Amino acid sequence: MIAVAEKIIDKRIARIGFIGLGLMGSRLTRRLHSSGWNVQAWNRSPDPAQSLARDGVVISSSIADLVADSAVVLSSLANDEAVRSVYFDDGGVFSSAKPGTIILEMSTISPELSRLLHKQASDHGVELLDLAISGSTPAVEAGTVTLLAGGDQNTFKNCTSIYESIAKQWFLIGPGSSGIMMKLVVNLLLGIDMQAIAEAVSLGEHLRIDRNVLLDVLSKTTVIPPAFAGKIQKIKQNDYSPEFPLRLMSKDMNLVMDAANVSGADLPAARVAQSVLASNLSSNGDQDLSAITPFIVAQQVRS
């Protein structure tokens, strides 16, 4: 027990690096910086990095420089393609990481790619956790996200001080890739719940219930999960600025269905949600997930 305690990451001396400064990564980096961590960051496009630099975050010139100078590396990237590039390209994470480096990979990716990351990390003497995030951008800003981890138990415990700066709760689900598999289970519910809420709003409007009354009452019922209270307000205000972009939910639902096909699970409701999300990609992909609501209402009006 003493040996484990001595390896816990110490905010006072550890240097950490963050790769990927999108909606989630930029906010996670800001929380780490404001919590007193010595954090440096890297992003493929310059604008998010410049914004963080104005807040005092050190911006690395390359992935290789960031990884070589960090005891812990975190990454939050958009998809499998981005993760493959960042980790496996020349000058990427695995070509630069020293043995003993800890990697917390937070992207929502396929279990197959996650397993490959764990294997490569082991081959390089690197300690890797898949550390999926459950929660949208307001939860990241508030530090109330849930973290779902897969990997070594001691590595998981040793990173507790980092979790405390960015999350409300954290769970070790099991061995490597268990965290990302649990994230797919969680996001299956997210996609189906949003579909159900959109259809409930559509029915209420077709029954000519006053729209404001409909949405106010829905938001106060026990059947609306707390995480969706903000979605009701976005629908009410016709404000679909992204907290969790629809394109990412569509990507995640595709991963869910791929995992279902591999495992033999039959997910009929998820199949419908996948189709609705795909139908919205061209027009609403960069808007919030809740933007499926006006789409569903309009579809049913036309039918």
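Just the residues that are among the charged types (D, E, K, R) and loosely packed, with under 12 Cβ neighbours inside 10 Å, please, taken from segment 220-238.
Pass one, segment 220-238, residues among the charged types (D, E, K, R): 220, 231, 234, 236.
Result: Lys220, single match.
If we scan segment 196-203, do we find a residue that is under 19 Å from Leu184 (Cβ atoms) and at pLDDT 95 or above? Explain how you work it out, then say what you get.
Step one: list which residues in segment 196-203 are under 19 Å from Leu184 (Cβ atoms), which gives 196.
In the following step, the residues that additionally are at pLDDT 95 or above were identified as 196.
Checking segment 196-203: at least one residue is under 19 Å from Leu184 (Cβ atoms) and at pLDDT 95 or above.
Which of the helices (runs of 4 or more DSSP H) contained wholly in segment 10-85 include at least 2 residues that are under 24 Å from Val145 (Cβ atoms) and open to solvent by 60 Å² or more (accessible area, probe 1.4 Å)? Full working, then the answer.
On the way: elements: 23-34, 46-54, 63-68.
Here the list reads 23-34.
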* To do: Any chance you could count how many residues in segment 263-282 are touching a residue at least 40 places away in the same chain (Cβ under 8 Å) and open to solvent by 10 Å² or more (accessible area, probe 1.4 Å)?
  => 5
* To do: Could you list all residues from segment 109-132 that are surrounded by fewer than 24 Cβ atoms within 10 Å (Cβ to Cβ) and of a type in the set (S, T, N, Q)?
  => Ser110, Gln120, Ser122
* Structure fact -> Flagged in segment 167-187 as open to solvent by less than 20 Å² (accessible area, probe 1.4 Å) and without any contact (Cβ under 8 Å) to a residue 40 or more places away in the chain, in numbering order, are Ala167, Gly174
* Just one of the numbered conditions (1) among the aliphatic types (A, V, I, L, M); (2) under 18 Å from the mean Cα position of the chain (by Cα); (3) open to solvent by less than 10 Å² (accessible area, probe 1.4 Å) is not true of Leu255; which one? -> (3)
* Structure fact -> Only unsatisfied item for Glu164, checking (1) surrounded by fewer than 19 Cβ atoms within 10 Å (Cβ to Cβ); (2) in contact with a Phe, Trp or Tyr (Cβ under 8 Å, 6 or more places away or on another chain); (3) within 18 Å of Gly25 (Cα to Cα); (4) of a type outside the set (A, V, I, L, M, F, W, C), is (2)
* **Given (1) farther than 27 Å from Ala68 by Cβ; (2) of a type outside the set (Val, Ile, Thr); (3) under 17 Å from the mean Cα position of the chain (by Cα), index of the condition Gln195 fails** => (3)
* segment 140-159: number of residues that are open to solvent by less than 20 Å² (accessible area, probe 1.4 Å) and not hydroxyl-bearing (Ser, Thr, Tyr) -> 10
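Is segment 96-112 home to any residue that is in contact with a helix residue (DSSP H, G or I) (Cβ under 8 Å, 6 or more places away or on another chain), under 26 Å from Ser62 (Cβ atoms), in contact (Cβ under 8 Å) with a residue 12 or more places away in the chain and part of a helix (DSSP H, G or I)?
Looking only at segment 96-112, we keep the residues that are in contact with a helix residue (DSSP H, G or I) (Cβ under 8 Å, 6 or more places away or on another chain), and these are 96-98, 101-111.
Of the ones still in play, those that are also under 26 Å from Ser62 (Cβ atoms) are 96-98, 101-109.
Next, from what is left, pick out any that are in contact (Cβ under 8 Å) with a residue 12 or more places away in the chain: 96-98, 101-109.
Next, from what is left, pick out any that are part of a helix (DSSP H, G or I): 96.
Within segment 96-112, one or more residues are in contact with a helix residue (DSSP H, G or I) (Cβ under 8 Å, 6 or more places away or on another chain), under 26 Å from Ser62 (Cβ atoms), in contact (Cβ under 8 Å) with a residue 12 or more places away in the chain and part of a helix (DSSP H, G or I).
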* Selection count, segment 188-232, where residues are over 18 Å from Met249 (Cα atoms) and touching a residue at least 40 places away in the same chain (Cβ under 8 Å) -> 4
* Asked: Only one of (1) open to solvent by 50 Å² or more (accessible area, probe 1.4 Å); (2) within 24 Å of Arg27 (Cβ to Cβ); (3) not aromatic (Phe, Trp, Tyr) is not met by Ala291, so which one is it?
  -> (1)
* To do: Would you check if Arg211 is within 25 Å of the chain's Cα centre (by Cα) and at negative phi?
  => no
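The values are calculated or read from the model by the stated rules, or taken from the named source; none is laboratory data. Nothing here was measured: the structure is a model prediction, and the numbers come from that model. Methodologically, a virtual Cβ is constructed for each residue, glycine included, from the backbone with ideal geometry; neighbour enumeration extends over all protein chains shown. In case anyone asks, the SASA skips ligands and DNA or RNA and just uses the protein heavy atoms, side chains included. Shrake-Rupley method; radii C 1.70, N 1.55, O 1.52, S 1.80 Å.
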